[in-house]
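A quick write-up on the structure given underneath.
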Amino acid sequence: QVQLVESGGGLVQPGGSLRLSCTTSRSAFSSNAWAWYRQAPGKERELVGFISSGGGSTISVDSVKGRFAISRDNAKNTCYLQMNSLKPEDTGVYYCNRYPYPIPWGQGTQVTVSS
């Protein structure tokens, strides 16, 4: 069974940075596109952006364009979300999943932006 494991979250002050990681089994990772999602308290989960199997990425949320970037390392079966200039409204649980056909969700990683 393919598992998703997100990590790298934590408490950070506004303006700070975090890099989230998502790992899964190799057979599921290298040939697929992967996406990052987030769910803020009291809100629905939203697509942050995705990266194709070839490495091209798209950020879907206007408020994070220019601050967030998605990358992948196929040798490590890992997808990353680099988050810079973090704002309190970026607070939430961040998830990764196969895109656009998700597999069972992982636990996510909590990101809290607060002073």
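The values are calculated or read from the model by the stated rules, or taken from the named source; none is laboratory data. None of the values given here were measured: they were computed from a predicted structure. Using ideal geometry, Cβ is built from the backbone for each residue, glycine included, and neighbour counts are taken over all protein chains shown. These area figures cover heavy atoms from the full protein model, side chains too; ligands, DNA and RNA do not enter into them. Shrake-Rupley method; radii C 1.70, N 1.55, O 1.52, S 1.80 Å.
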Next on the checklist: I'd like to check something: does region 42-49 contain any residue that is of a type in the set (Asp, Glu) and modelled with pLDDT of 95 or more?
Outcome noted: yes
Next on the checklist: Against the conditions (1) over 11 Å from the mean Cα position of the chain (by Cα); (2) free of Cβ contacts under 8 Å to residues at least 24 places away in the same chain, where does Ile59 fall short? Just the number, please.
Outcome noted: (1)
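Looking only at region 83-115, how many residues end up being touching a Phe, Trp or Tyr at 6+ places or on another chain (Cβ under 7 Å), open to solvent by 60 Å² or more (accessible area, probe 1.4 Å) and not in a loop (DSSP other than H, G, I, E, B)?
Going through region 83-115 one residue at a time, the tally reaches 2.
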Item to check | Filtered residues of region 55-82 (kept if assigned to a strand (DSSP E or B) and not aromatic (Phe, Trp, Tyr)) | outcome: Ser57, Thr58, Ile59, Ala69, Ile70, Ser71, Arg72, Asp73, Thr78, Cys79, Leu81, Gln82
